[in-house]
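Chemist: Pasting in a structure now, in structure tokens, and then I'll have a few things to ask.
Please treat every number below as a calculation from the coordinates, not as lab data. Note that the coordinates shown come from a computational prediction; the quantities given were computed from them, not determined experimentally. Because the Cβ atoms are built from the backbone with ideal geometry, glycine has one as well, and the counts that use them run over all protein chains shown.
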Amino acid sequence: MKIQFAFLFSFLLCASNSFAQKATVYNVTNKKVTVYTTAENSDFRITRTGETSFSAYAQPVEGELSIFIDPTKTHQSVLGIGAAFTDASAETFAKLSKANQAKFLEAYFDKEKGIGYSLGRTTIHSSDFSSGSYTYVNEGDTNLTSFNINHDRNYRLPFIKQAIQAAGGKLTLYASPWSPPAFMKTNGSMLRGGKLKAAFNQSWANYYTKFIKAYEKEGIPVWGISIQNEPMATQKWESCIYTAEEERDFLKNFLGPTMHKAGFGDKKIIVWDHNRDLMVQRANVIFDDPEASKYAWGMGFHWYEDWSGGTPMFNNVGIVHKTYPTKNLLFTEGCGERFEFAKLKEWYLGERYGRAMINDFNNGSVGWTDWNILLDETGGPNHVANLCFAPVHADTRTGELIFTNAFYYIGHFSKFVRPNAKLINSSSSRSQLMTTAFVNADKTVSVIVMNQSDKAVKYNLWIAGQAAVVDILPRAIQTLVIK
């Protein structure tokens, strides 16, 4: 009897496994691949450049170019893709004509006619990308009785409200502070680093909750906050230093409990919010402490560790993801530095975004937030002359909107990879082609392929013994939509 039972159990297990294996094979029958392309030395800008279909292709040949994807192997869900609503962006937007304001909003936020941004970041009072330093309280007001966001009513609040409307009424928005008010800091200034004085830990924690309440009273939902923008950088602009232990202790003893007490336990708290270089050490200190970790939704990171020409440290993102798989990783800021108007058409601006987004998503990021969504012809305004590139610039002298290559490279992701999409397995057979891929909630598969070389090539998009042949131009990025 025992033998019969064992035989029956074994048979059922084998049958079950066999069924499961067959059930998980991705079926490409009757599916088409639509190709959208952006390429240097061409007019293609997220342009539909072809359609192809699959045919049997059992074993790829050694040496040929192939992109392999498996939509049945899924990973993290996508929160969204977007950019920051800084004071500089809002002030520049206000200078546009009504026609160009409408054009700008449609280009960024319309899912059909534009690139469909779904994620946004803003600042808690001023950053360097403001026309001057300011806070929401009077200097010395420890009790925060003077707190108000009247400054933001001039430009930033109207700008964000129009963006939310253009995005269909919903935009995931989070906020970051660059510095506490000067009276709360050891150096007595919002600028040039310094630290939060211990006596003001609670007052500063209360400041975040007052910001959230004020913005939500204006009809702008706040999804979450980061603790401090770039907590290891002493800058000539607004900045504040936290060691890993100081950030951990502020989170677990003040900010986390204060958010919960204020009824904001559902708001997400992001730690670090700085470059990839030190993110593993920061994760170890904060996430290994259970009392701090319970308040942390995840970790934000930037890309400026390679600002002087070094190699981006994408591997560190993957290490944190593997070590703390229950924590979320979010790219919170990146831009092209050292602005020059003459370089607005340079192709490398877009390629840097493509390379970073592919690697960051493949290493576990759930979303990607560009820095300023709009800047003027000077790369500002910026009150300390830290002038930078944005995907779109407005020449306020002529009224022209200038869309850089970065806008289109980001759009190859944001337009076709929607919130709640899942990363799927993807790989390339040769390093000249980079790739990442996702399956959206509607089952549409989006595969991003970037050609880093100066040669046009042909490659196979291979899925489960079927392949579609695709051509890609030199220095180009494509999104292949399978449905």
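Chemist: Please tell me the relative contact order of segment 79-419 in percent, rounded to the nearest whole number, where contacts are Cα pairs under 8 Å and at least six residues apart.
Modeler: Working: 693 pairs, mean separation 68.9, N = 341.
Result for segment 79-419 is 20 percent.
Chemist: Still on this structure, I have one more. Cα-Cα over 21 Å: which of LYS170/LYS415; LYS210/LYS261; LYS294/LYS322; LYS98/LYS161; LYS73/LYS111?
Modeler: LYS73/LYS111, as the Cα separations exceed 21 Å there.
Chemist: Roughly how many nanometres apart are two label points built 7 Å out from the Cα toward the Cβ at GLN281 and ALA342?
Modeler: Label-label distance for GLN281 and ALA342, simple model: 4.0 nm.
Chemist: Note down the nm distance, to one decimal, between modelled labels 7 Å out along Cα→Cβ at GLU400 and at ASP288.
Modeler: For GLU400 paired with ASP288, the spin-label model returns 5.5 nm.
Chemist: What does the charge add up to near ILE220, with Lys and Arg as +1, Asp and Glu as -1, over the other residues with Cβ less than 12 Å from its Cβ?
Modeler: On the way: positive: ARG153, ARG156, LYS161, LYS170, LYS213, LYS217; negative: ASP152, GLU216, GLU218.
Computed value for this residue: +3.
Chemist: Once R0 is set to 30 Å, what does the formula 1/(1 + (r/R0)^6) return for the Cβ-Cβ distance between ALA441 and ARG45, expressed as a FRET efficiency to the nearest 0.05?
Modeler: Taking R0 as 30 Å, the efficiency between ALA441 and ARG45 is 0.65.
Chemist: I've got another one for you. Loop only by DSSP, 15 or fewer other Cβ within 10 Å of the Cβ. Give me the GluC sites (Glu not before Pro) in segment 105-144 that pass, ordered by residue number.
Modeler: Numbers: sites: GLU106, GLU112, GLU139; in loops: GLU112, GLU139.
Passing both the DSSP loop test and the Cβ count: GLU112, GLU139.
Chemist: What is the Cα convex hull volume of segment 402-453 when expressed per residue in Å³?
Modeler: Values: hull volume 3.9 nm³, N = 52.
Here the figure is 74 Å³ per residue.
Chemist: May I ask for the percentage of alpha-carbon pairs in segment 99-145 that lie more than 16 Å from each other?
Modeler: Numbers: 671 of 1081 pairs.
Summing the P(r) tail past 16 Å for segment 99-145 gives 62 percent.
Chemist: Sticking with this one: At q = 0.13 Å⁻¹, what log₁₀ I(q)/I(0) does the chain have when each alpha carbon counts as one equal point scatterer in the Debye sum?
Modeler: -1.21
Chemist: Based on the Cα gyration tensor of segment 114-213, what are the three equivalent ellipsoid semi-axes, each the root of five times an eigenvalue, rounded to whole Å and given largest first? Can you show the working numbers first?
Modeler: Details: eigenvalues 159, 37, 31 Å².
Three semi-axes, in Å: 28, 14, 13.
Chemist: Just to confirm my numbers, what's the Cα centroid distance between segment 322-366 and segment 406-483 in Å?
Modeler: 17
Chemist: In addition: So between ASN30 and LYS161, what do we pick up on full extension, going 0.36 nm a residue minus the alpha carbon distance?
Modeler: Contour length minus the Cα-Cα distance gives 42.9 nm.
Chemist: Here is a further query. Would you tally the net charge around PHE438, using a Cβ to Cβ cut-off of less than 9 Å, leaving PHE438 out, and scoring K and R as +1, D and E as -1?
Modeler: In short, +2.
Chemist: Between ALA464 and GLU216, what FRET efficiency follows from the Cβ-Cβ distance if R0 is 56 Å, with the result rounded to 0.05?
Modeler: According to the calculation, E is roughly 0.75.
Chemist: Within 14 Å, Cβ to Cβ, of PHE264, how many net charges do the neighbouring residues add up to if Lys/Arg are +1 and Asp/Glu are -1?
Modeler: +4
Chemist: Could you work out the Rg to Rh ratio of segment 312-376, with Rh taken as the Kirkwood radius (inverse of the mean 1/r over all Cα pairs)?
Modeler: My calculation puts Rg/Rh at 1.05.
Chemist: Further, regarding this structure: Compute the relative contact order of segment 325-483 as a whole-number percentage, counting only Cα pairs closer than 8 Å that sit 6 or more residues apart in sequence.
Modeler: 18
Chemist: Which aspartates and glutamates, on any chain, are close to LYS455 with Cα under 18 Å apart, when same-chain ones fewer than 8 places away are left out?
Modeler: List returned: GLU40, ASP43, GLU64, GLU351, ASP471.
Chemist: A further question on this structure: Whole Å is fine, so just give me how far the alpha carbon centre of segment 251-315 lies from that of segment 184-243.
Modeler: 14
Chemist: Over all alpha-carbon pairs in segment 390-483, figure out the percentage whose distance exceeds 22 Å.
Modeler: Above the 22 Å cut-off, segment 390-483 has 38 percent of its Cα pairs.
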